[in-house]
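Report on one structure; see the data block that follows.
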Amino acid sequence: MLEKFPPLRAAAVALALVATTAAWAQDRVLNLYSARHYQTDEALYANFTKATGIRINRVEADDAGILSRLKAEGAASPADVVLLVDAARLWRAEQDGLFQPVKSAVLEQRIPPQLRGGETAQGAQWFGVSTRARVLVIDKARLKPTDVDRYEKLSSPALKGQICSRSGSHPYNLSLFGSVLETAGTAATEAWIRGVAANLARDPKGGDTDQIRAVAAGECAVAITNTYYYARLMRSNRPEDKAVVERTQVVFPNQADRGTHVNVSGAAVARHARNRDAAVAFLEYLASDAAQRMLADGNNEYPVVASARTENPALLALGRFKAETVPIAKVGANTAQVQQMLDRAGFK
């Protein structure tokens with residue numbers, strides 16, 4: 001059900017997206033299925049309603065739960081927009097026929113081609129609305145940034161017993177490894193995955209924040225993590241979090257060549273959307289500078305729109321970096337093959 005949110009002072013978000021107002025459903029409602037569970041996103045929804053008069057009914061679950069629900073509901077599904085938080089999951093949903101293509105000049109102009117789903121004559125299947133970089137966090141007392149300035153160095157024998165990672169099969173890692181596969185090829189990627197698995201300090205466990213804390217605790221020297229987890233620690237006032245940040249450092253790999261891997265949160269219009277025009281307007285709204293800034297400031301994510309700016313102190317402190325341009329849809333498509341490599345390497 002729609003929750004009541006306080007009004008926000010947002011800059012003119014109405015932009016070109018309200019061009020579709022005349023075609024909106026009579027009751028002016030949008031049914032949103034979201035795998036994003038961030039309180040700060042409530043500002044996004046409230047701002048959209050304020051600008052358009054369209055109220056949002058929201059269903060929240062994890063990605064797997066949302067995909068299962070969409071499949072079970074079939075043509076009876078009330079979903080208009082689907083928000084998922086990883087390229088592999090977006091690709092899977094696209095393959096399962098859960099989305100419909102969208103042709104929008106606003107989205108095509110503002111969202112780079114490599115951050116969109118499969119393209120057809122009718123438009124893209126989904127659009128990235130925010131990014132997070134998959135970086136390395138090192139113990140400054142044990143490693144130098146040059147020791148891990150490329151993902152490829154994670155398989156070096158010099159790092160034996162020094163890497164912490166969450167499960168290799170987690171979608172965040174599947175997407176990273178899928179990106180390596182896209183650039184390095186099958187044989188080199190499988191050898192690299194075996195090398196990374198051999199260098200783990202312990203069996204994978206926990207989430208990204210647990211890996212960062214393990215580095216600070218001396219359990220390992222380098223961890224694989226998404227930037228927004230580290231940014232949360234940077235913005236924390238807790239002494240223990242400040243101590244973690246003090247001891248560690250973020251490294252953006254592959255800055256001298258292809259760039260650091262980035263993953264996305266993505267939005268799509270559901271296959272059986274009844275309020276399609278409102279759904280497209282919502283996707284266009286997410287690509288507005290105002291919404292992009294909310295995503296960056298609220299959840300420590302990076303904008304996908306070049307003109308969007310953020311005042312997030314953690315992201316500003318981390319600095320600008322070169323992001324890879326590997327099409328994120330290809331990354332998602334590679335994850336099934338990557339999983340087979342992980343199984344053969346014993347990377348749990």
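What is the one condition in (1) more than 18 Å from ALA278 (Cβ to Cβ); (2) at pLDDT 90 or above that PRO6 does not satisfy? All conditions are met except number (2). Residue check: ALA221 meets all listed conditions (1) among the hydrophobic types (A, V, I, L, M, F, W, C); (2) touching a Cys at 6+ places or on another chain (Cβ under 9 Å); (3) closer than 25 Å to ARG28 by Cβ but one, namely (3). For the subset of segment 119-176 comprising residues that are closer than 27 Å to ALA267 by Cα and aromatic (Phe, Trp, Tyr), which member is surrounded by the fewest Cβ atoms within 10 Å (Cβ to Cβ)? Among residues in segment 119-176 that are closer than 27 Å to ALA267 by Cα and aromatic (Phe, Trp, Tyr), the one surrounded by the fewest Cβ atoms within 10 Å (Cβ to Cβ) is TYR172.
One residue stands out in segment 192-237 among those that are in a helix (DSSP H, G or I) and small (Gly, Ala, Ser): the one that is surrounded by the fewest Cβ atoms within 10 Å (Cβ to Cβ), namely ALA198. Look at (1) under 23 Å from VAL262 (Cα atoms); (2) among the β-branched types (Val, Ile, Thr); (3) part of a strand (DSSP E or B) and you find that VAL59 fails only one, number (1). Just one of the listed residues (ASN334, ASN300) is at positive phi and surrounded by 23 or more Cβ atoms within 10 Å (Cβ to Cβ), and it is ASN300.
Here is a yes/no grid of residues against (1) touching a Pro at 6+ places or on another chain (Cβ under 6 Å); (2) closer than 30 Å to ALA314 by Cβ; (3) aromatic (Phe, Trp, Tyr):
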residue: GLY65; (1), (2), (3): no, yes, no
residue: LEU98; (1), (2), (3): no, no, no
residue: GLN114; (1), (2), (3): yes, yes, no
residue: ARG142; (1), (2), (3): no, yes, no
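The single condition among (1) surrounded by fewer than 18 Cβ atoms within 10 Å (Cβ to Cβ); (2) part of a loop (DSSP other than H, G, I, E, B) that GLN340 does not meet is (2). Pick from segment 91-118 the residues that are more than 14 Å from VAL269 (Cα to Cα) and among the basic types (Lys, Arg): which of them is modelled with the highest pLDDT? The qualifying residue modelled with the highest pLDDT is ARG110.
Annotation: GLU240 fulfils all but one of (1) free of Cβ contacts under 8 Å to residues at least 60 places away in the same chain; (2) closer than 25 Å to THR146 by Cβ; (3) in a helix (DSSP H, G or I); the unmet one is (2). Within segment 117-148, the set of residues being of a type outside the set (A, V, I, L, M), under 22 Å from the mean Cα position of the chain (by Cα) and closer than 23 Å to ALA191 by Cα comprises ARG134 only. Among residues that are over 13 Å from ARG134 (Cα atoms), touching a Phe, Trp or Tyr at 6+ places or on another chain (Cβ under 8 Å) and modelled with pLDDT of 95 or more, ALA197 is included.
How many residues, within segment 97-118, are exposed (fewer than 15 other Cβ atoms within 10 Å of the Cβ) and either over 27 Å from ASN300 (Cβ atoms) or not polar (S, T, N, Q) (or both)?
Summing the residues that are exposed (fewer than 15 other Cβ atoms within 10 Å of the Cβ) and either over 27 Å from ASN300 (Cβ atoms) or not polar (S, T, N, Q) (or both) in segment 97-118 gives 4.
Put simply, of VAL148, VAL106, VAL102, VAL137 the only residue that is assigned by TED's automatic domain parsing to the domain that holds ALA296, more than 20 Å from GLY332 (Cα to Cα) and of a type in the set (A, V, I, L, M) is VAL106.
Being closer than 28 Å to GLY161 by Cα, in a loop (DSSP other than H, G, I, E, B) and not assigned by TED's automatic domain parsing to the domain that holds GLY123 holds for only one residue in GLN255, GLN249, and it is GLN255. Report yes if some residue within segment 120-136 is part of a helix (DSSP H, G or I) and either of a type outside the set (S, T, N, Q) or at pLDDT below 95 (or both); otherwise report no. There is no residue in segment 120-136 that is part of a helix (DSSP H, G or I) and either of a type outside the set (S, T, N, Q) or at pLDDT below 95 (or both). Is it true that ALA278 is part of a helix (DSSP H, G or I), of a type in the set (A, V, I, L, M), in contact (Cβ under 8 Å) with a residue 60 or more places away in the chain and out of contact with any Lys or Arg (no Cβ under 6 Å at 6 or more places or on another chain)? Taking the combined requirement at face value, the residue satisfies it.
Somewhere in segment 81-96, is a residue surrounded by 20 or more Cβ atoms within 10 Å (Cβ to Cβ), of a type in the set (Val, Ile, Thr) and outside any loop (DSSP other than H, G, I, E, B)?
yes
What do you reckon, is THR225 touching a Leu at 6+ places or on another chain (Cβ under 7 Å) and either outside the structural domain of ASP86 (by TED's automatic domain parsing) or within 24 Å of PHE321 (Cα to Cα) (or both)? It is false that THR225 is touching a Leu at 6+ places or on another chain (Cβ under 7 Å) and either outside the structural domain of ASP86 (by TED's automatic domain parsing) or within 24 Å of PHE321 (Cα to Cα) (or both).
Tell me yes or no: at least one residue of segment 327-345 is acidic (Asp, Glu) and under 15 Å from the mean Cα position of the chain (by Cα).
No.
The values are calculated or read from the model by the stated rules, or taken from the named source; none is laboratory data. Quick caveat, the model's predicted, so the values are computed rather than measured. So basically every Cβ, Gly included, is an ideal-geometry build from the backbone, and we count neighbours across all protein chains shown.
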